[in-house]
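The values are calculated or read from the model by the stated rules, or taken from the named source; none is laboratory data. A quick note: this is a predicted structure, and the numbers were derived from the prediction, not measured. No Cβ is skipped: glycine too gets one built from the backbone with ideal geometry, and neighbour counts run over all protein chains shown.
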Amino acid sequence: MTDGEARVQAAVDGLGYDFRQFTVPHFVKHLEALRTRDIILHGVAFDQGLHGFWVQAETADYVFFNRRTHEVHQAHHILHELGHMMLRHQLRDLAAFLPPELMAHLRASISAAPQGHCRRWDPHDTPEEREAELFVRRLQREILLAGRLAALTHPDTSIGALDRFTRGLGYDG
Ligand SMILES: [Zn+2]
């Protein structure tokens, strides 16, 4: 097992999560309790090139995902960003990855200097990206073993429940 694989396995083991209860919102609630920080998920109709990104703001973490992609992919992108979060990956300046108008909105609404991680259709191949993907694969395995695969392969109702997290955020770019 490589260092990266060991780090990912330790992060998944450290969740202490009962995967028999898995839905995306339930899993997010668990992480919120673990970290004693809000995680706010927000589906936005991005251009196809942008899958999602995570912004670590002062009072909460925001995970934006592209609601134009299939629900299965939405769930994957959300779990990928949660992977960066739980693996405590070094934050990046999102201005290097996101279009200026989106950055302007984030600066006005969430954080003066938005930092986090971003996932595009052309993923940059770095150890952190590989670890976040491995985190998703480890979760998928646990979810499969717990008999909750339907919550990943037909997550539409589960992700639909996220509306209550996203209402009031005001951004629908
Ligand atoms: Zn990533």
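Some observations on this one:
- Check on residue 155, at pLDDT below 90 and out of contact with any Ser or Thr (no Cβ under 6 Å at 6 or more places or on another chain): yes
- Looking across segment 11-50, just one residue is touching a Pro at 6+ places or on another chain (Cβ under 8 Å) and either of a type in the set (S, T, N, Q) or more than 16 Å from residue 81 (Cα to Cα) (or both), and that is 23.
- Considering residues of segment 87-101 that are within 14 Å of the ligand (Cβ to nearest atom) and outside any loop (DSSP other than H, G, I, E, B) only, the residue farthest from the chain's Cα centre (by Cα): 96
- All of 77, 84, 30 fail the test of being part of a helix (DSSP H, G or I), touching a Phe, Trp or Tyr at 6+ places or on another chain (Cβ under 7 Å) and either over 15 Å from residue 137 (Cα atoms) or free of Cβ contacts under 8 Å to residues at least 12 places away in the same chain (or both), apart from 30.
- When 104, 132, 108 are checked against the criterion of being of a type in the set (A, V, I, L, M), within 16 Å of the ligand (Cβ to nearest atom) and assigned to a helix (DSSP H, G or I), 132 stands alone in meeting it.
- Scanning segment 33-63 for residues that are within 13 Å of the ligand (Cβ to nearest atom) and free of Cβ contacts under 8 Å to residues at least 40 places away in the same chain yields a single hit, 63.
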